[in-house]
Each structure stands twice: as C-alpha cells, then as structure tokens.
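The values are calculated or read from the model by the stated rules, or taken from the named source; none is laboratory data. It should be emphasised that the depicted structure is a prediction, and the values quoted were computed from it without experimental measurement. Ideal geometry is used to build each Cβ from the backbone, glycine not excepted, and the neighbour counts take in all protein chains shown. These area figures cover heavy atoms from the full protein model, side chains too; ligands, DNA and RNA do not enter into them. Shrake-Rupley method; radii C 1.70, N 1.55, O 1.52, S 1.80 Å.
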Amino acid sequence: GAGKPPMYGDYEAQRHWQEITYNLPIRQWYFNSSDNNLQYWGLDYPPLTAYHSFVCAYIAKLINPDWVALHTSRGYESQPHKLFMRTTVFVADLLVYIPAVILYCFSLKETSAKKKASTCALCILLYPGLILIDHGHFQYPLSLGLALWAVLCLSHDWDLLGSMAFCLALNYKQMELYHSLPFFCYLLGKCFKKGLKGKGLVLLAKLAGTVLVSFAACWLPFGTDVEQIMQVLRRLFPIDRGLFEACMFSSPTHCPDKVANIWCSLSVLIKIKNVISPRTQLKLSFAVTFLSLLPACIKLTVQPSLRGFKFALVSCALSFFLFSFQVHEKSILLVSVPVCLIINEIPFMATWFLLVSTFSLLPLLLKDGLLLPYAATAPAFLAVCLASFSILEKTSAEDLQLKAFSLSLKGYTSWFKSFPRIVRSLFLLSLSLMGVLSVLSAAVPPPQSLPDLFPLAVAVVSCLHFLLFLVYFNVVILWDSKNRGQKKIS
C-alpha cells in the first residue's frame, strides 16, 4: 500500500497508531472522534500494542515531530522515517524474538550439541513467512516472541513466568487465543497430576493469581470505566463484520475469499455468506473449531507432557486457522512458529508445512510487491533444511512419529514398506505444484472472466495441504505414548 491513498497499507497502520497514542489521552485511543477516525486504521489490538506504539512514538517525536504530528502526518513515507520504522522491527526481533529462539534451541535435549542447536536456530530464524510479513508487509514479532518465551519457561518448569509471558503475548495480540487452550490444558493437567488436594491446588491458585495480576496490569488504565473496557473488546472482536471480513482482498468487484481456510475454500462452490446469516456463521465456525481441537486438548489435559504440549500448539492453532471466524492470511504464522519448535523432531513434515505456509501468503506478498524476496527466501530455506536435516532421508513411519499409529493398523506391514517413497513423491509433487502456481500468479494474466483465478487456486491448494497436516498432527498426538519425552511431574 505504499504511496496509495487513502489507506496506504499496514506500514501506515503502525505509524498511525503511534500518532494516535502519542497525541490523544488513553481514554480516546479506542473511541471514534474527530481526532481518531476508527475507519482509518483505528486501533484494534489489545493494550500492550497501544503501549508499544506510544513508546515508538515518543522516540519518533524526539527524532522528527512531523512523523507523529496529529492529522498532518497521515501517509508519511519519507526514507528516514522508513529507516526508523524498520529499525523498530529489528529492535523487537533482537530484544524478544531472536533470543527466545536461540535459548529454546540450546535448551533442547535432542540438540544438546552446540552445532545441532545452532543449525536448529538458523532454520527457525530463516523461516520465510515471518521474515516477509514482519519486514515486508510490516508488523512486529512481539506477540510471537512472548509466546516463545512462555514455551521456554514451561520447558524449564517455570510455570508462573510462562503464564505471565503468555498473558503478555495475549495482551499484545488477541490472535494468541490460537495458542491459549494448549497452555490452559497443559497447566491444568499438571495441576491434576500433582493432586488438586495438595501441591496441585497450590499451583492452580498461583497460576490463577499470576493471570489475574498480569491482565490487571495491562488493563489498568482502562479499568476505571466499564464503557472503556467494552469499547476495547468491541474493537478486538468485531463479530458483526461477518465470516470473511478479515480477508485482505475484499472489494466490490473481487471475491474476498482468498484465505487458505475451509470457509474461503468452500465458498468457491457455495457462497456461505449469502446462504447463512452472520450470527449463524459465528455459531457454525465456533462449533467446528471446538470439535476439531477437542481431541488434542483432552489428550493434553489427561496426559500432560512438554512434547504433547508443543504438538498441541500446532494442532490447535491450525484448527483455529482452518475453521474459526474472521481469519487473516497472516494468521498462518501462529501455526508456523509452533511448527518451528518441533522442526528438530519431525524435520521433513515441519519443513514441508513451513514451505506451504509461505506459499499460502503468495497473493498477499504479490500485493505488497514482495515477489523477489519470496522467490529468494523460500528456496533458500528449503536448501538450508535439506543441508541441515537431510529431510528426504527422514520419511519413514518412525521418523514421522507414526510408528505407534502404524502398529495399530491391521495389515500395515506391506503398505508401510513403501511409505517413505510415497511420502517423498507427494512432497516433490507438492513442491512442483506450488512452484507452477507461483510462476503463473506472478507472470500470467488471469482470464478477464476469472480475475481471482490464481489467488483462489493458491488458497484452495494450501487449504487442502493444511487439512492433511491437521489430520497428521492429530494422529501423532493421539497415538503418542503416555510418558514419551515427558518430565516427571511430582
């Protein structure tokens, strides 16, 4: 959206939030007024995002007051300001996201050797989707970084610190709800294991207190007025917009259904928004999302383990992406980052998923003029994973964590002998299909009668991949042995 009024793009959204938070009192940040037109990139993220915007604005004001001047700074895109904005993203990376990745990789038992830990960290940090969105489309990695810190804390049994870190992540972006149920179920399962009449009850009380204090601290400036709280919540969850409102391609002449989830893909055949009322859409998406993530959550609560927790983060986030209400293309990053956490355990499937997730962002990346970075980073990521993990050699049922599942199938022996070859063939076919669609999307004009042909093809192909991945991750979770990779909970 650079240089394209009236909205300009996500870069302008971040700049405008700095303008609003610096120049207006807190009580006006989320309310429509002559100084804060909510139709023009109004704040729609939780308080921590607003506080972060204020800090950035304070620094910007010291450098050049024109960058955050009320009203007159709209659409400001000078080179010095771009350098400043990009620097704020790098600083967020360096302070929050990158340290969490490095410490996580060096804490893994499976990658205790420094060389293996460094390789794992390199692959995660080179994931193209996050690079292209954070530094191209423009957003901050703070919510994902805080969620990583939460996972890191839980892996060391620092449950209270982990809970606080996740509360901060949730109060930075409400989309962290994608990860909320695995955190809740894992910690609740630990309390059950310790016994709710003893240590478990004490832990549960401490966790509840930590969550309440963390939320109270974040919402304190808004807590004196119920209407303030309700207005913030209305901005965070605008359910009246409908099932597809969050899609970036919405326009009067173009079909808005471009996100690679089940609703947008089904709308190619059935125009759901014309058949079902918005309220019914909300209920339907809630029901399907809840049912799809229920098995993993039950398993995690009954048999809490760190390994199960990480796989549940992937499965539940993917369920939210595929079936929930108002999904954005960028929300796939909420699935991809947990997949990065298990790249050392299932390098083949993790690499495959991360490539598909990047491919699913292609229409958005083309819209942002990021074709060249996409064409450079995706093959580079694949090359690094091939060199680091030898992924094509790790396609057996055991390598893919499917040994227990295969043993439960009658007559599995003959079929699973050819399993690695089948999986490799599907992977190469998938790469070829994504490559062809990428070239067609970038170089071939679509038919005039079907202007959205290629974006829809990308969405549907990606959605089919994600559905298969959802089945795969749930199979791994449900057939996992009870205590595999689990620390003793006492």
- From 455, 420, residue being assigned to a helix (DSSP H, G or I), more than 25 Å from residue 332 (Cα to Cα) and either in contact (Cβ under 8 Å) with a residue 12 or more places away in the chain or of a type in the set (A, V, I, L, M, F, W, C) (or both): 420
- In the range 423-452, which residue that is β-branched (Val, Ile, Thr) and assigned to a helix (DSSP H, G or I) is modelled with the lowest pLDDT? 423
- over 25 Å from residue 39 (Cβ atoms) and either aliphatic (A, V, I, L, M) or at pLDDT below 90 (or both): does that describe residue 232? no
- Report, ordered by the first and then the second residue, all pairs with beta carbons closer than 6 Å, sequence separation of six or more or different chains, a first member in the range 74-102 that is in contact (Cβ under 8 Å) with a residue 40 or more places away in the chain, and a second member that is in a helix (DSSP H, G or I) and open to solvent by 60 Å² or more (accessible area, probe 1.4 Å). 100/149
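Do we have residue 31 as aromatic (Phe, Trp, Tyr), more than 24 Å from residue 135 (Cβ to Cβ) and open to solvent by 80 Å² or more (accessible area, probe 1.4 Å) here? Let's see the steps before the verdict.
Numbers: aromatic (Phe, Trp, Tyr): yes; more than 24 Å from residue 135 (Cβ to Cβ): yes; open to solvent by 80 Å² or more (accessible area, probe 1.4 Å): no.
Considered against the rule, which asks whether it is aromatic (Phe, Trp, Tyr), more than 24 Å from residue 135 (Cβ to Cβ) and open to solvent by 80 Å² or more (accessible area, probe 1.4 Å), residue 31 comes out as no.
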- Item | Some residue of the range 122-138 being of a type in the set (Asp, Glu) and open to solvent by less than 10 Å² (accessible area, probe 1.4 Å) | yes
- Query: So which of 118, 143 is small (Gly, Ala, Ser), assigned to a helix (DSSP H, G or I) and surrounded by fewer than 20 Cβ atoms within 10 Å (Cβ to Cβ)?
  - Reply: 118
- Restrict the check to the range 13-26 and report whether at least one residue is buried (at least 20 other Cβ atoms within 10 Å of the Cβ), at pLDDT below 95 and outside any helix (DSSP H, G or I). no
- Query: Going through the range 146-179 one residue at a time, which ones are out of contact with any helix residue (DSSP H, G or I) (no Cβ under 6 Å at 6 or more places or on another chain) and not in a helix (DSSP H, G or I)?
  - Reply: 156, 157, 158
- Can you work out which of the residues in the range 63-93 that are open to solvent by 80 Å² or more (accessible area, probe 1.4 Å) and among the β-branched types (Val, Ile, Thr) is farthest from residue 53 (Cα to Cα)? 72
- Answer with yes or no whether residue 38 is out of contact with any Pro (no Cβ under 7 Å at 6 or more places or on another chain) and either farther than 19 Å from residue 86 by Cα or assigned by the TED database to the domain that holds residue 370 (or both). yes
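Would you mind stating whether residue 175 is open to solvent by 40 Å² or more (accessible area, probe 1.4 Å), more than 17 Å from residue 331 (Cβ to Cβ) and aliphatic (A, V, I, L, M)? Break it down into steps so the answer makes sense when it comes.
Details: open to solvent by 40 Å² or more (accessible area, probe 1.4 Å): yes; more than 17 Å from residue 331 (Cβ to Cβ): no; aliphatic (A, V, I, L, M): yes.
For residue 175, the condition - open to solvent by 40 Å² or more (accessible area, probe 1.4 Å), more than 17 Å from residue 331 (Cβ to Cβ) and aliphatic (A, V, I, L, M) - is not met.
Yes or no, residue by residue, for (1) on the phi < 0 side of the Ramachandran plot; (2) more than 27 Å from the chain's Cα centre (by Cα); (3) open to solvent by less than 60 Å² (accessible area, probe 1.4 Å):
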| residue | (1), (2), (3) |
| --- | --- |
| 370 | yes, no, yes |
| 383 | yes, no, yes |
| 418 | yes, yes, yes |
| 428 | yes, no, no |
| 437 | yes, no, yes |
| 448 | yes, yes, no |
- Query: Any idea how many residues of the range 52-66 are more than 12 Å from residue 14 (Cα to Cα) and in contact (Cβ under 8 Å) with a residue 40 or more places away in the chain?
  - Reply: 1
- Task: Determine whether residue 219 is in contact with a Pro (Cβ under 8 Å, 6 or more places away or on another chain), assigned to a helix (DSSP H, G or I), not assigned by the TED database to the domain that holds residue 315 and not basic (Lys, Arg).
- Result: yes
